[in-house]
1. Could you list the square roots of 5 times each eigenvalue of the Cα gyration tensor of the stretch 51-121, that is, the equivalent ellipsoid semi-axes, sorted largest first and rounded to whole Å?
2. Of the lysine pairs in the chain, how many meet both conditions: Cα atoms under 23 Å apart, and a spacing of 8 or more in sequence or different chains?
3. Using 19 Å as the cut-off for backbone N distance, which residues of the stretch 75-96 belong to the label zone defined by a point 7 Å from the Cα of Asp55 along Cα→Cβ?
4. Within the accessible area of the chain, what % is carbon and sulfur when the probe is 1.4 Å and the other protein chains stay in place?
5. What size of dipole, in debye to the nearest 20, comes out for the chain about its Cα centre when the only charges are +1 on Lys and Arg C-beta atoms and -1 on Asp and Glu C-beta atoms?
6. What does the extension gain come out to for Ile101 and Ser17, with contour length at 0.36 nm per residue minus their alpha carbon separation?
7. Could you give the distance between the Cα centres of the stretch 31-69 and the stretch 71-121, to the whole Å?
8. Once the convex hull of the alpha carbons of the stretch 27-83 is built, what does its volume come to per residue, in cubic angstrom?
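The values are calculated or read from the model by the stated rules, or taken from the named source; none is laboratory data. Since we're looking at a predicted model, the values are computed, not measured. Methodologically, a virtual Cβ is constructed for each residue, glycine included, from the backbone with ideal geometry; neighbour enumeration extends over all protein chains shown. These accessible areas exclude ligands, DNA and RNA; they are computed on the full protein's heavy atoms, side chains included. Shrake-Rupley method; radii C 1.70, N 1.55, O 1.52, S 1.80 Å.
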Amino acid sequence: QLQLVESGGGLVQAGGSLRLSCAASGVILSINAMGWYRQAPGKQRELVATITRGDSTNYADSVKGRFTISRDNAKNTVYLQMNSLKPEDTATYYCNAGTVIQGSYYSRNYWGKGTLVTVSS
């Protein structure tokens, strides 16, 4: 079984930075990518960034140039560096384990409990 635990959320002023971490334990052979999602109050969960085993990354247009996803295989940890934060980035951020097939990310039912990011104006 795969378990994911997020950390690093908090309150930050607009223009500030935060780094989220997602520590993974366990192995599922069919998982070949990790993703960060976010969900703001009253909105649907949206995919923010993904990274494959080969370190290929992809980002939502809303965060391109501001967020960076990375991984440390030795620590089984995926990171999301968030810079130039905006109030509209306020959301609960979730780590997910998934599969990339022909360039598209498919989430699997492995989720962390989320970490709250609040950006004040």
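1. Values: eigenvalues 96, 41, 33 Å².
Here the semi-axes work out to 22, 14, 13 Å.
2. Values: Lys43/Lys64; Lys43/Lys86; Lys43/Lys113; Lys64/Lys86; Lys75/Lys113; Lys86/Lys113.
Lysine pair count for the chain: 6.
3. Flagged as within label range: 75-82.
4. Roughly 46 percent, rounded to a whole number.
5. Working: 12 positive and 7 negative charges, 17 e Å.
Charge dipole, the chain, about its Cα centre: 80 debye, nearest 20.
6. Values: separation 84, 0.36 × 84 = 30.24 nm, distance 3.16 nm.
Contour length minus Cα-Cα distance gives 27.1 nm.
7. Cα centroid to Cα centroid, the span is 6 Å.
8. On the way: hull volume 6.2 nm³, N = 57.
So the per-residue Cα hull volume is 109 Å³.
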